[in-house]
1. Taking segment 5-14, which residues are at pLDDT 95 or above and loosely packed, with under 12 Cβ neighbours inside 10 Å?
2. In segment 72-110, which residues are in contact (Cβ under 8 Å) with a residue 40 or more places away in the chain and charged (D, E, K, R)?
3. Residue under question is Glu97, and the condition is that it be outside any loop (DSSP other than H, G, I, E, B), touching a strand residue (DSSP E or B) at 6+ places or on another chain (Cβ under 6 Å) and modelled with pLDDT of 95 or more; does it hold?
4. With respect to the numbered conditions (1) open to solvent by 80 Å² or more (accessible area, probe 1.4 Å); (2) touching a Leu at 6+ places or on another chain (Cβ under 7 Å), which one is the sole condition not fulfilled by Ser31?
5. Considering only residues that are charged (D, E, K, R) and assigned to a helix (DSSP H, G or I), look in segment 52-94 and name the one that is surrounded by the fewest Cβ atoms within 10 Å (Cβ to Cβ).
6. Check off (1) open to solvent by 10 Å² or more (accessible area, probe 1.4 Å); (2) under 12 Å from Ala19 (Cβ atoms) for Gly41 and give me the number that stays unchecked.
7. Would you point out which residue out of Leu90, Leu63, Leu69 is over 10 Å from the mean Cα position of the chain (by Cα) and closer than 20 Å to Val18 by Cβ?
8. What number of residues within segment 95-110 are of a type in the set (S, T, N, Q) and either open to solvent by less than 80 Å² (accessible area, probe 1.4 Å) or touching a helix residue (DSSP H, G or I) at 6+ places or on another chain (Cβ under 7 Å) (or both)?
Amino acid sequence: FELGVREKVVLHCPDLSVARDAAGHVVAVPSLDLPKDWIKGSVGAGDAFCAGMLLAILKDMDLEAGMRLASCAAAANLASADATGGALPLAETLALEAKFTRKQIKEQST
């Protein structure tokens, strides 16, 4: 935020996403725990996450809901070997959250 971010920052990696807003709220959302046979490729998964987060911002969703949507979009993308074949309608994308559990993240001390 000291470098010019105005509203929120979202970081995404294979295990989770973390966000902070201008008010200082920090939210972490674990990724979906996908079975190995679900994953056909990873090309475009980060882009799918970003697209899901941008949609959430446009819909004025809170950080947690946005990262949940974004992680479901990334999970849908992983089911396809190419960058766009995993794209699903919004309802089907969100339904992945009921189909799979979320990863358990162990906190680490610094």
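1. Leu11
2. Passing the criteria: Asp82, Glu97, Arg102, Lys103.
3. In short, no.
4. The failed condition is (1).
5. Glu92
6. Only one criterion is unmet by Gly41, namely (2).
7. When all the criteria are applied, what remains is Leu63.
8. Within segment 95-110, residues that are of a type in the set (S, T, N, Q) and either open to solvent by less than 80 Å² (accessible area, probe 1.4 Å) or touching a helix residue (DSSP H, G or I) at 6+ places or on another chain (Cβ under 7 Å) (or both) number 0.
The values are calculated or read from the model by the stated rules, or taken from the named source; none is laboratory data. Computed from a predicted model, the values in this text were never measured in an experiment. Neighbour counts run over all protein chains shown; Cβ positions are idealised from the backbone, glycine included. Side chains included, ligands, DNA and RNA excluded: accessible areas come from the protein's heavy atoms. Shrake-Rupley method; radii C 1.70, N 1.55, O 1.52, S 1.80 Å.
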